[in-house]
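The values are calculated or read from the model by the stated rules, or taken from the named source; none is laboratory data. On a predicted model such as this, the values are computed, not experimentally measured, just so you know. Note that we place each Cβ from the backbone using ideal geometry, even for glycine, and neighbour counts take in every protein chain shown.
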Amino acid sequence: MAARSGRPVPPQAEQDPEPDPESVARAILLRQLTLGPRSRQQLERKLRDRNVPDALASRLLDRFEEVGLVDDAEFARLWVRSRGETKSLGRAALRRELGEKGITGDTAEEALDELSPEVEEEAARRLLARRVRPFDRDDPAARDKELRRLVAMLARKGHAPGAAFRIAAEVLDSLGHGED
């Protein structure tokens, strides 16, 4: 029998039309990891969605961890660095996102500790500098409205309320002085 490509199909393929479940599961894992780093929980969910038996999934994931292809601590560090810088997320939002990916406890806290308060604050300042809207600088009500909007934006991004207020006020004050 010939395959669509015109090449003959090996006799083993004719006799074994069902692929080996372990090979299929391994291929799923490798495909997911080529898309980017994944946490163990994300990979477990993917395997469950594809009806891979739990015992097989657990055994394969254990092996992938042994050889370093799955490493939740490294995944968490990369996630915090990437999302903290590109999305200007604060610790609370990053902690929540890590939890959604199955990274909690000490592993999450160690990754979050690598995000320095200075880097977190600088990312927030860059975000606000891009998002500040024009307002009448002589109108205190307009300034307060813009300040509330910016503080709310930072709060949604997981920044602590006190820090969000301070950073937003400093950004607005710097804009006022820069235009004199």
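Here are a few things to note about the model shown:
- Test: residue in the range 82-90 that is charged (D, E, K, R), touching a Leu at 6+ places or on another chain (Cβ under 8 Å) and not assigned by TED's automatic domain parsing to the domain that holds ARG156: yes
- When the residues of the range 1-49 are filtered to those that are hydroxyl-bearing (Ser, Thr, Tyr) and modelled with pLDDT of 60 or more, the one that is farthest from the chain's Cα centre (by Cα) is SER23.
- Pick from the range 97-121, criterion in a loop (DSSP other than H, G, I, E, B) and under 16 Å from ALA160 (Cβ atoms), ranking: nearest to the chain's Cα centre (by Cα): LEU115
Residue-by-condition table, conditions (1) within 15 Å of LEU127 (Cβ to Cβ); (2) part of a loop (DSSP other than H, G, I, E, B):
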residue: ALA141; (1), (2): no, no
residue: LEU154; (1), (2): yes, no
residue: GLY158; (1), (2): yes, yes
residue: ALA164; (1), (2): yes, no
residue: ILE167; (1), (2): yes, no
residue: SER174; (1), (2): yes, no
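- For VAL151: the one exception among (1) in contact (Cβ under 8 Å) with a residue 12 or more places away in the chain; (2) within 30 Å of VAL70 (Cα to Cα); (3) of a type in the set (Val, Ile, Thr): (2)
- Hits in the range 66-111 (condition: of a type in the set (Asp, Glu) and surrounded by fewer than 19 Cβ atoms within 10 Å (Cβ to Cβ)): GLU66, ASP71, GLU74, GLU85, GLU97, GLU100, ASP106, GLU109, GLU110
- Check on LEU61, in contact (Cβ under 8 Å) with a residue 24 or more places away in the chain, over 19 Å from HIS159 (Cα atoms) and hydrophobic (A, V, I, L, M, F, W, C): yes
- Applying the criterion of being closer than 25 Å to PRO161 by Cβ and among the charged types (D, E, K, R) to the residues of the range 135-149, the residue that is nearest to the chain's Cα centre (by Cα) is ARG149.
- Scan of the range 60-96 for residues that are among the acidic types (Asp, Glu) and either under 28 Å from SER23 (Cα atoms) or under 10 Å from the mean Cα position of the chain (by Cα) (or both), ordered by number: ASP62, GLU65, GLU66, ASP71, ASP72, GLU74
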